[in-house]
2 protein chains.
Amino acid sequence: MRDKEETRKKILEAVGEILSEEGFGGIGVNNVSRRAGVDKVLIYRYFGDLPGLLREFASGGDYWPSMEDLVEKAEGDNRPPGASELAVALLKGYIRELRDSTSAQELLLGELVSRNELSEASARKRERQGADLIEALVRSAPEAERVDVAALGALLSAGLTFLMLRARTSEAYLGIDISSEEGWGRIERAMEELVRGVMGDDKLEGFQY
Amino acid sequence: MRDKEETRKKILEAVGEILSEEGFGGIGVNNVSRRAGVDKVLIYRYFGDLPGLLREFASGGDYWPSMEDLVEKAEGDNRPPGASELAVALLKGYIRELRDSTSAQELLLGELVSRNELSEASARKRERQGADLIEALVRSAPEAERVDVAALGALLSAGLTFLMLRARTSEAYLGIDISSEEGWGRIERAMEELVRGVMGDDKLEGFQY
DNA sequence: ACCTCCTGTCACCAACCGGTGACATAAACC
DNA sequence: GGTTTATGTCACCGGTTGGTGACAGGAGGT
């Protein structure tokens, strides 16, 4: 009868380990309990069932880059420039952060393949963060009345996310080598061009003349 | 001792049915044989093992919209306009075709979640088709020297694909309602703006003045 | 008629899945 | 000290997975 909280922590940690090492498919009562060095019946006692465990993991996890991280990573040390630069920096920060976090990738993949389980909690959490981010971007973008910033952000971040997930099992996508830094450079540059083309300084320069 | 080819066909058809009705997760020797009304040992005799069956299904399937379909659906009845209009039309055709084909979605999802199985064959097939399409687009686009058309196409089609897969398990993404036609209208319009902003007629109009 | 070969049927395997009931044991309270 | 209560252990359940060996039966060749 040592430490209930300790055991709970070990179980939750095991979920994170499996997620980042074995992937979404490795999640299961038997595997989690084995990895945590704990009897699986404790999972049922402390979390109800497997979905309950995943729900708790998803709601309490720090597996996802916070909006503050992204903004910080995005702004760097120079003063806030135009909205297009901010958007580009945010998206770059997003994709770089995501490329480093295998558990975030697995979570994303899990949300894609099946609803119910851990999907809802983590999806809701990220949805809220993302919506905040978009809202902040809309506020700082004068062209928000002209273009649908939310839809643009959704489409571009979705594209980056898909290519990231895709890179896990495939080496190329439409001829782009998404397993190399060179390929990701092309992707980032294309993203930058797209953003600038729509809300970028091209048009601002035009207004200046 | 009736018809070996008939049995093979029934098995392959069962794979397709499961894919479109139960999803990628429903694929399995037992399930396939049950649905085909056939003993599962025949799967091993005729296809070696499960990966072999999936490989054969993926290589022989017509589950994927051909490039001709897309171009046809894209061009409609007016003469080929600018490259940006063609690109927009192609992407719209792609996403509409994909939204209708649940088996294509499942295949895509399967490629994302695990390599090896049916992923390689179908991925290679689509990769080839997609690369052809991009190549055709590059040829018809005078701005191909200025912008990386392949990277743009990859990013945008990836974004559309992700949102499509996402809509299967989630209702919203970054505040966009991806379960409604209204939300998809916003996505399509955003995509159109992005393409036009980079290789669009905005700039061409500018040149006319 | 006989023998061979191929198609199809059936029972079975070990390993896994999520989940449960019975029981030991150690701490906490009286 | 004795009793209660919560923590942890163990064996087991039915059902699923991918995969295999033995055998029936019908078609074709001789």
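Since every read-out is calculated from the coordinates, none of them should be taken as a lab result. Since the structure is predicted, the reported quantities are computational estimates derived from the model, not experimental observations. Cβ coordinates were reconstructed from backbone atoms using ideal geometry, including for glycine residues, and neighbour counts include every protein chain displayed.
Here B:S59 and B:E22 are evaluated by their C-beta separation; at R0 = 25 Å the FRET efficiency comes out at 0.70. Projecting 7 Å from Cα along the Cα-to-Cβ direction, the label point of A:K9 sits 6.4 nm from its equivalents in the other copies, listed shortest first.
Taking GluC sites (Glu not before Pro) across segment A:125-188, the ones in a DSSP loop with at most 15 further Cβ atoms lying within 10 angstrom of their Cβ are A:E171. The distance between label points at A:R34 and A:R139 comes to 5.0 nm (points 7 Å beyond Cα on the Cα→Cβ vector). Under 5 Å from the amide H of B:A172 lie the amide H atoms of B:I178, each residue being 5 or more positions distant or on a separate chain, with H modelled from the backbone and absent for Pro and chain starts. Modelled label positions at A:R96 and B:E182, each set 7 Å beyond Cα in the direction of Cβ, lie 3.8 nm from each other.
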